[in-house]
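S.K.: Here's a structure for you.
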Amino acid sequence: MDNDSAAHFIYHQNDRHIEHWFEWWYLNIKGDDGNNLLVEFFTFRNLSNPLTSLVGVVVLFMPADGSTFESVKTYPFIRYTLDYEKCNVTIDGDRFSEVAENEYAVRYHNNVNDVNLMLNVSGVTESLSGLSMVLEDWQWMEWRSHVPLGKAKGVFSYRDFNGYHEYHICGRGYHDHNWGIAKFRSLDWEWGEFSNSEIPLSVVYGLVRSENDSFTGGLYFSDETTHYALLWPDIHIEYEGWEWINGFKKPVKLSMRGTSNNVSANVTIVLERAYVVGIGTVGMPYLMGNLSGEVEIHGKRYTLSSITGFYEHHFFNWW
């Protein structure tokens, strides 16, 4: 099992900037039936101080009709355990764990709305490893995409004013793991993940810009046997369309292209749908898009047409 999927806090707990600690385990599902799901187990700030730290779980269900159902569990002095040998996070009885090589299981329950989730995701393409982002001064972050493309199966259920709802989940899964020490309000980032299970191929990008306007990160590809990367500054991003969505300015069309060694790419992402994450109509948009274009790796050309995935744009000071 991959030790990078384990927790990391204890290795940095004496850092003088530990109040800016963050670590989370993220997973999403693009359902074959159009129903989508997001799960995140998170830890923030100095975990040695239960008065100031923030630990919890968020589950976001995004039905095919464009609505959302959100379940959040976090409160002061919440009980949790972290494993520093493997991915095995338990928060208030909920669990995110690696049960076999490149296979993950999530179990979640919330008495509010009687929410239950049982989910398994197994990797299809190679993991993306070693994505270190040194920002500036004392700020840094690490990012690992353990499952750029996986097979997902599970059951999700909850109750609301309309009664009991149960969904059988089957589709494409994605899982990554992030940790580091940084001031979030000073960080701008681009992230997205798109995949085609028929090829199979996954396209993932992650770029971070810090206070001095320097970028780190790149555009990453993986198939069943290996992974490749186009790193900044060998890639170029062009924003071709913007819209205000629920009070936030977001890109509705962007393109990325670049060439380096034996890898080249020219892809375009177009917004398909924006889900509102929050309470009622008050919240931030979470973007789902379609990626099209061409990728060439060691002379092998992939033509991608409208493959779906999620993407994020969090730029507080974008020019």
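The values are calculated or read from the model by the stated rules, or taken from the named source; none is laboratory data. Since we're looking at a predicted model, the values are computed, not measured. Every residue, glycine as well, gets a Cβ built from its backbone with ideal geometry; the counts of neighbours run over all protein chains shown.
S.K.: One residue is enough: does the stretch 158-167 have a residue meeting the conditions farther than 29 Å from S71 by Cβ and not aliphatic (A, V, I, L, M)? Working first, answer last.
M.R.: Looking only at the stretch 158-167, we keep the residues that are farther than 29 Å from S71 by Cβ, and these are none.
The answer is no, given that none of the residues of the stretch 158-167 is farther than 29 Å from S71 by Cβ and not aliphatic (A, V, I, L, M).
S.K.: Let me ask you something else. Between a first residue in the stretch 126-140 that is closer than 18 Å to L231 by Cβ and of a type in the set (S, T, Y) and a second residue that is exposed (fewer than 12 other Cβ atoms within 10 Å of the Cβ) and at pLDDT 90 or above, which pairs have beta carbons less than 8 Å apart while being 6 or more apart in sequence or on different chains?
M.R.: From residues that are closer than 18 Å to L231 by Cβ and of a type in the set (S, T, Y), there are no pairs.
S.K.: Would you confirm, using the coordinates I've provided, whether V270 is among the β-branched types (V, I, T), on the phi < 0 side of the Ramachandran plot and under 19 Å from the mean Cα position of the chain (by Cα)?
M.R.: Values: among the β-branched types (V, I, T): yes; on the phi < 0 side of the Ramachandran plot: yes; under 19 Å from the mean Cα position of the chain (by Cα): yes.
Yes, satisfied.
S.K.: Among the listed residues G293, G247, G289, which satisfies the condition of being crowded, with 18+ Cβ neighbours inside 10 Å and on the phi > 0 side of the Ramachandran plot? Explain how you work it out, then say what you get.
M.R.: Values: G247 fails: crowded, with 18+ Cβ neighbours inside 10 Å; G289 fails: on the phi > 0 side of the Ramachandran plot.
Just a single option satisfies the conditions, and that option is G293.
S.K.: State all residues of the stretch 40-81 that are surrounded by fewer than 18 Cβ atoms within 10 Å (Cβ to Cβ), of a type in the set (A, V, I, L, M) and either assigned to a strand (DSSP E or B) or at pLDDT 95 or above (or both); if no residue qualifies, say none.
M.R.: L54, V72, I78 - these are the residues of the stretch 40-81 that are surrounded by fewer than 18 Cβ atoms within 10 Å (Cβ to Cβ), of a type in the set (A, V, I, L, M) and either assigned to a strand (DSSP E or B) or at pLDDT 95 or above (or both).
S.K.: Go through the stretch 128-138 residue by residue and tally those that are surrounded by 18 or more Cβ atoms within 10 Å (Cβ to Cβ) and out of contact with any Gly (no Cβ under 8 Å at 6 or more places or on another chain). Steps first, answer last, please.
M.R.: Step one: list which residues in the stretch 128-138 are surrounded by 18 or more Cβ atoms within 10 Å (Cβ to Cβ), which gives 128, 131, 133, 135.
Those still in the list that are out of contact with any Gly (no Cβ under 8 Å at 6 or more places or on another chain) too: 128, 135.
Total meeting the criteria: 2.
S.K.: Here's another thing I want to ask about it. In the stretch 159-172, what residues are more than 15 Å from F61 (Cβ to Cβ) and either among the hydrophobic types (A, V, I, L, M, F, W, C) or under 26 Å from the mean Cα position of the chain (by Cα) (or both)? It would help to see each step written out before you state the result.
M.R.: Initially, the stretch 159-172 is screened for residues more than 15 Å from F61 (Cβ to Cβ), giving 161, 163, 172.
Of everything in the stretch 159-172, those that are more than 15 Å from F61 (Cβ to Cβ) and either among the hydrophobic types (A, V, I, L, M, F, W, C) or under 26 Å from the mean Cα position of the chain (by Cα) (or both) turn out to be F161, R172.
S.K.: Ok, one more. Output the residues belonging to the stretch 82-127 that are at pLDDT below 95, acidic (D, E) and surrounded by 15 or more Cβ atoms within 10 Å (Cβ to Cβ).
M.R.: Across the stretch 82-127, the qualifying residue is only E126.
S.K.: Scan the stretch 1-39 residue by residue and report those that are aromatic (F, W, Y), in contact with an Asp or Glu (Cβ under 9 Å, 6 or more places away or on another chain) and not in a helix (DSSP H, G or I). Before you say what the answer is, go through the steps one by one.
M.R.: Our first condition is that a residue be aromatic (F, W, Y); within the stretch 1-39, this holds for 9, 11, 21-22, 24-26.
Filter again for in contact with an Asp or Glu (Cβ under 9 Å, 6 or more places away or on another chain), leaving 9, 21, 24-26.
Residues satisfying the conditions are W21, W24, W25, Y26.
S.K.: Among the residues of the stretch 43-71, what is the count of those that are free of Cβ contacts under 8 Å to residues at least 24 places away in the same chain and in contact with a strand residue (DSSP E or B) (Cβ under 7 Å, 6 or more places away or on another chain)? Give the steps one after another, and end with the answer.
M.R.: Narrowing the stretch 43-71 to residues free of Cβ contacts under 8 Å to residues at least 24 places away in the same chain: 44, 49, 53-54, 58, 65, 67.
Checking the rest, the ones that are also in contact with a strand residue (DSSP E or B) (Cβ under 7 Å, 6 or more places away or on another chain) come to 44, 53-54, 58.
Number of matching residues: 4.
S.K.: Shifting gears a bit: Of the conditions (1) touching a Ser or Thr at 6+ places or on another chain (Cβ under 7 Å); (2) of a type outside the set (G, A, S); (3) assigned to a strand (DSSP E or B), E224 clears all except one; give me its number.
M.R.: Among (1) touching a Ser or Thr at 6+ places or on another chain (Cβ under 7 Å); (2) of a type outside the set (G, A, S); (3) assigned to a strand (DSSP E or B), the lone unmet condition for E224 is (3).
S.K.: Another one. Given the conditions (1) in a strand (DSSP E or B); (2) without any contact (Cβ under 8 Å) to a residue 12 or more places away in the chain, which single one is not true for E198?
M.R.: Every listed condition holds for E198 apart from (1).
S.K.: Considering only residues that are aromatic (F, W, Y) and crowded, with 17+ Cβ neighbours inside 10 Å, which ones fall in the stretch 1-21? First the steps, then the outcome.
M.R.: Quick first cut of the stretch 1-21, residues aromatic (F, W, Y) only: 9, 11, 21.
Within the stretch 1-21, F9, W21 qualify.
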